[in-house]
Amino acid sequence: MCSLDWSLYILQVYSFPKLKKALEGVSCAITGKLVLCHPPLNMDYDVVVVGAGPAGCLAAKYAAKNGAKTLLIEEHASIGSPVQCAGLLSTKAIQACEVVPNREFHPITGAFVYAPDGRRIRIAGGEVKAYVVDRRSFDRTLAEDAIRAGAEILMRTRACGMDIRDRENERILHVTIEGEPDTIVAGVVIGADGVGSRVARWAGLDSHETILSGAQVGTIYDFDDPGFVEIFTGSCAPGFFAWAIPYHDSARIGLAVRPELGRGSEPESGAGFRSGSAWDHLQRLLSTHRVVSEKCHTHTTEIVMGGIPIGVPKRTVADRVLITGDAAGQVKPTSGGGVYPGAVCAKIAGQVAADAVREGNTSAGRLSEYDRLWRVEIGRELAIGKRINEWMARLDDSGFNRMIRVLDDPELLDLITRYGDMDYPSVVLRKLLLNRKSAGAFLKLVLARRS
């Protein structure tokens, strides 16, 4: 077993008492730093990060890099599991996570976008625009990076509650470690615990405006081009879209729906269905969609379920608390991707938390620097994306058919290819709204939805 694998192995042994005892005191082969196979005697930290997804690992990494004694806790027995993501990451997301692509990464250079009536447009980037990754391996790489920076990790540790200790300027985090109750003292708690964040709720921060319901399966799919993802619009996935994503010799087929749009009127024949949960919609997509049902094989190897938050809260800080990533709604509303915005914000969170502890001021006023900085970085783009998402959620099948028909034009497709950006869709939107061919058509769609 190489040194890289050895550190991952140690990260997970806390789940197994016999291995835990055998490895007690073993140092990480990469860094020489002790990886926590058991709770330390002194559970007192400058920064405690709840949740070891990408945002949590990066927040812990940057808190440790900036001098804070940092603990990262994860309720599951293994980093990266269970998977709750399609694993399609833009090149900017990979760079923001400070990871170097390897041969396990599946490159994506373009997309086919389908209208409900079966018409499709081809958006070709030429160069690699994104990678499909194994999120288990990817997340563990980020956890290793946090360890290298000086953070400690506790597995199978669930946050159960949080109190404030005013005199000491600290938070008391109540946890269960392998089912046993314990407490951890923290100067600052960073909630990176995903959709429905408990840390956010305990701190009195706002909940998400909208949570999309998502479902995905792993299977085999006959892609026309293994370097292209396929996107399916319309009532097959009310309020969002469906996808087919290649990953080497397999595929990830999924969709997300808005709960309030999951039930309603029937669509045009053969295009999709509006009634039922995300799982119901996915089953129908696989069995009856005019394109997917012909290209998808019947057997599945994996089922993934999850939620996608749309909209950020008014505040992402409280006294001695920050929230980041999905917990803070830092997700692209146009695609549902949270790794890039989460990475950008989590690194800011880690640095601000470490600086605040060092200065001895962890009040909401001091931590509001984080709120200001991340909104400067990506707040405007998330707000524009939310408006795009809400507009597209109101389109019916005929509206999507008209939109794809308009975009099926060499000039407009070239414009999309040149200016399209998974992480900053406002750039290409601005170009389309200024183009004589597309501006009028989009205006008609907007007016039609208002009438």
Return the only residue of 380, 372 being part of a helix (DSSP H, G or I), under 18 Å from residue 188 (Cα atoms) and not assigned by TED's automatic domain parsing to the domain that holds residue 119.
372
Of (1) surrounded by fewer than 16 Cβ atoms within 10 Å (Cβ to Cβ); (2) more than 17 Å from the chain's Cα centre (by Cα); (3) in contact (Cβ under 8 Å) with a residue 12 or more places away in the chain, residue 184 satisfies all except one. Which?
(1)
Checking the structure you have, find out if any residue of the stretch 112-120 is out of contact with any Lys or Arg (no Cβ under 8 Å at 6 or more places or on another chain), in a loop (DSSP other than H, G, I, E, B), closer than 27 Å to residue 292 by Cα and not assigned by TED's automatic domain parsing to the domain that holds residue 398.
yes
If only one of 351, 330 is buried (at least 22 other Cβ atoms within 10 Å of the Cβ) and either closer than 16 Å to residue 376 by Cβ or within 11 Å of the chain's Cα centre (by Cα) (or both), which one is it?
330
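Residue by residue, here is whether (1) without any contact (Cβ under 8 Å) to a residue 60 or more places away in the chain; (2) small (Gly, Ala, Ser) holds:
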residue: 61; (1), (2): no, no
residue: 67; (1), (2): no, yes
residue: 73; (1), (2): no, no
residue: 80; (1), (2): no, yes
residue: 85; (1), (2): no, no
residue: 92; (1), (2): no, no
residue: 95; (1), (2): yes, no
residue: 100; (1), (2): yes, no
residue: 104; (1), (2): yes, no
Evaluation of residue 314 against (1) in contact (Cβ under 8 Å) with a residue 12 or more places away in the chain; (2) surrounded by fewer than 22 Cβ atoms within 10 Å (Cβ to Cβ); (3) assigned to a helix (DSSP H, G or I); (4) out of contact with any strand residue (DSSP E or B) (no Cβ under 7 Å at 6 or more places or on another chain) (one fails), failing number:
(3)
Flag if residue 303 is surrounded by 24 or more Cβ atoms within 10 Å (Cβ to Cβ) and either within 29 Å of residue 393 (Cα to Cα) or basic (Lys, Arg) (or both):
no
Only one of 408, 355 is more than 19 Å from residue 438 (Cα to Cα) and either in contact (Cβ under 8 Å) with a residue 12 or more places away in the chain or in the same structural domain as residue 432 (by TED's automatic domain parsing) (or both); which?
355
Being modelled with pLDDT of 95 or more, farther than 30 Å from residue 413 by Cβ, surrounded by fewer than 20 Cβ atoms within 10 Å (Cβ to Cβ) and not basic (Lys, Arg) narrows it down to one of 179, 150, 196, 191, so name that one.
150
Could you say whether any residue in the stretch 373-387 is within 29 Å of the chain's Cα centre (by Cα) and more than 30 Å from residue 62 (Cβ to Cβ)?
yes
Please go through (1) within 29 Å of residue 304 (Cβ to Cβ); (2) touching a Ser or Thr at 6+ places or on another chain (Cβ under 8 Å); (3) assigned by TED's automatic domain parsing to the domain that holds residue 77; (4) in a strand (DSSP E or B) for residue 159 and return the number of the only condition it doesn't satisfy.
(2)
Residues that are assigned to a helix (DSSP H, G or I), of a type in the set (D, E, K, R) and crowded, with 20+ Cβ neighbours inside 10 Å, drawn from the stretch 121-144:
135, 139, 140, 144
Elements of type strands (runs of 3 or more DSSP E) in the stretch 208-249, at least 2 residues being of a type in the set (Asp, Glu), out of contact with any strand residue (DSSP E or B) (no Cβ under 6 Å at 6 or more places or on another chain) and at negative phi
none
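The values are calculated or read from the model by the stated rules, or taken from the named source; none is laboratory data. As the structure is a prediction and not an experimental result, all values here were calculated from the model. Heads up, the Cβs are rebuilt from the backbone with ideal geometry, glycines too, and the neighbour counts pull from every protein chain shown.
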